[in-house]
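Novice: Take a look at this one; I'll ask things after.
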Amino acid sequence: AIQWGHNNDGFFGPSGVGIADADIDAIEAWEITTGQTVSPEGVNEVVIAIIDSGVDFNNPDLTANAWHNPREIPDNQIDDDGNGLVDDYFGYDFADLDSDPTDTQGHGTHVAGTVGAVGNNQLFVTGVNWNTKIMALRAGDAGLSSAALLGSYNYIVEQKLLGVNIVASNNSYGGSPASGIDRFAISATIDAGILFVAASGNDAANNDVTQFFPSGYDLDGILAVGASDSAEQVAIFSSNGAASVDIHAPGVDILSTRPPQLGFVDFLDGTSMASPHAAGVAGLLGDLAPGASPIDIKAWIMAGTDVKPVFAGLSVT
């Protein structure tokens, strides 16, 4: 399967031959849930916040899973919900400080597709969670600004407190120095009930020695994700750490969505591609256990991993 991260049948891709079943067992998970959005108590949409270069919902594999701010009327140039942001209907662009978080660089759209491209629609790809709602928060292009990240963190806390069911945020970026302000803001998102899923970095470094942020902050509600390949090996670029990286997930030859002008789909490599596999699983767990804490969801993800000798000493599991 070309989306080998979901179901690996021995995929032969740009990086070589795969090993059957070296995947996240998505097929088995989908027999339990594909991320239904309605609970017995009523509408309970599971939302994953994508803090990145934005998301292009013009890709038809993402359109139906766009989150819509229930308190905002789109394109009326009015701050309907009184949060100081005009027309934040799909999320917000905290880099340019406007209501359009559309991705032109492509990274965030690829990440979003792995989390939640619409499933079973005869289009390009399928996300880990077929039905999750994707909140788009643009914090820049190749480089994300600290101010935009802080704005994004504050936004998801506010929305969570207003009742939006944000189960996790995906954070496929990093490399800035440690910041007490950033750590405090991330801690606030976790305290609000949002799991912080973060990439471990692509420097092939030992993060226990050379710390990498934000995945390396000492917060229990951060799930730090390294990358593996389709042959069940550690990706050659992946940063690791027995104490600072929690799990590894597929991050090589990952096919996912791109903005239409960039061809709709493409293969990319990176811990940026591994992290959204875990964020998508977090969404499935949030559907199965509404109201579960970030600590619980993290523990369930880690308990469900396959422990492989090749990864010994490179992550917690």
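Novice: Can you name the condition, by its number, that T34 falls short on among (1) open to solvent by 40 Å² or more (accessible area, probe 1.4 Å); (2) modelled with pLDDT under 95; (3) not charged (D, E, K, R)?
Specialist: The failed condition is (1).
Novice: Residue check, A231 against (1) part of a loop (DSSP other than H, G, I, E, B); (2) open to solvent by 10 Å² or more (accessible area, probe 1.4 Å); (3) closer than 27 Å to S146 by Cβ, all met but one. Which one?
Specialist: Failed condition: (3).
Novice: Kindly list, by first and then second residue, each pair from a residue in the range 153-169 that is β-branched (V, I, T) to a residue that is assigned to a helix (DSSP H, G or I), limited to pairs with Cβ atoms under 6 Å and residues at least 6 apart or on different chains.
Specialist: Note: pairs meeting the criteria are I156/T189; V157/A188; V157/T189; I166/I156; I166/K160; V167/A282; V167/G283; V167/G286.
Novice: For the structure I just gave you, tell me whether A224 is part of a strand (DSSP E or B), within 16 Å of A278 (Cβ to Cβ), in contact with a helix residue (DSSP H, G or I) (Cβ under 7 Å, 6 or more places away or on another chain) and open to solvent by less than 10 Å² (accessible area, probe 1.4 Å).
Specialist: no
Novice: Moving on to the next point. Conditions first: (1) crowded, with 17+ Cβ neighbours inside 10 Å; (2) at pLDDT 95 or above. W4 passes all but one, so which condition is the exception?
Specialist: (2)
Novice: Looking at T126, is it within 18 Å of the chain's Cα centre (by Cα) and either within 27 Å of V265 (Cβ to Cβ) or in a loop (DSSP other than H, G, I, E, B) (or both)?
Specialist: yes
Novice: Give the residue, chosen from V46, V128, V55, that is touching a residue at least 24 places away in the same chain (Cβ under 8 Å), closer than 24 Å to D229 by Cα and surrounded by 16 or more Cβ atoms within 10 Å (Cβ to Cβ).
Specialist: The match here is V128.
Novice: Check the range 138-145 and report whether any residue there is open to solvent by 10 Å² or more (accessible area, probe 1.4 Å), over 17 Å from the mean Cα position of the chain (by Cα), of a type outside the set (A, V, I, L, M) and at pLDDT below 95.
Specialist: The answer is yes; a qualifying residue exists.
Novice: Is it the case that L149 is modelled with pLDDT under 95, of a type in the set (A, V, I, L, M, F, W, C) and either within 19 Å of the chain's Cα centre (by Cα) or assigned to a loop (DSSP other than H, G, I, E, B) (or both)?
Specialist: no
Novice: So, in the range 166-186, of the ones that are buried (at least 24 other Cβ atoms within 10 Å of the Cβ) and of a type outside the set (A, V, I, L, M), which residue ends up nearest to the chain's Cα centre (by Cα)?
Specialist: N170
Novice: Among (1) within 13 Å of Y155 (Cα to Cα); (2) crowded, with 24+ Cβ neighbours inside 10 Å; (3) not aromatic (F, W, Y), where does V115 come up short?
Specialist: Tallying (1) within 13 Å of Y155 (Cα to Cα); (2) crowded, with 24+ Cβ neighbours inside 10 Å; (3) not aromatic (F, W, Y), V115 fails exactly one: (1).
Novice: While we're on this one: Go through the residues of the range 56-68 one by one and say whether even a single one is of a type in the set (S, T, Y), under 23 Å from A198 (Cβ atoms) and modelled with pLDDT of 95 or more.
Specialist: Residues of the range 56-68 of a type in the set (S, T, Y): 63.
When the remaining residues are screened for being under 23 Å from A198 (Cβ atoms), the result is none.
Checked the range 56-68: no residue is of a type in the set (S, T, Y), under 23 Å from A198 (Cβ atoms) and modelled with pLDDT of 95 or more.
Novice: Among the residues of the range 243-261, are any among the hydroxyl-bearing types (S, T, Y), open to solvent by less than 40 Å² (accessible area, probe 1.4 Å) and closer than 11 Å to H110 by Cα?
Specialist: yes
Novice: Taking interchain pairs and intrachain pairs at least six residues apart, which have beta carbon atoms under 7 angstrom, with the first residue in the range 187-205 and open to solvent by 10 Å² or more (accessible area, probe 1.4 Å) and the second among the basic types (K, R)?
Specialist: Partner pairs satisfying both residue conditions: A192/K160; G193/K160.
Novice: For residues that are of a type in the set (V, I, T) and in a loop (DSSP other than H, G, I, E, B), scanning just the range 161-220, find the one that is nearest to V128 (Cα to Cα).
Specialist: I194
Novice: If you don't mind, another one. Can G174 be described as without any contact (Cβ under 8 Å) to a residue 60 or more places away in the chain and under 22 Å from M273 (Cβ atoms)?
Specialist: The answer is yes for G174.
The values are calculated or read from the model by the stated rules, or taken from the named source; none is laboratory data. Quantities reported herein were computed from a predicted structural model and do not represent experimental measurements. A quick note on method: Cβ atoms are made from the backbone with ideal geometry, for glycine too, and the neighbour counts reach across all protein chains shown. Ligands, DNA and RNA are excluded from the accessible area calculation, which covers all protein heavy atoms including side chains. Shrake-Rupley method; radii C 1.70, N 1.55, O 1.52, S 1.80 Å.
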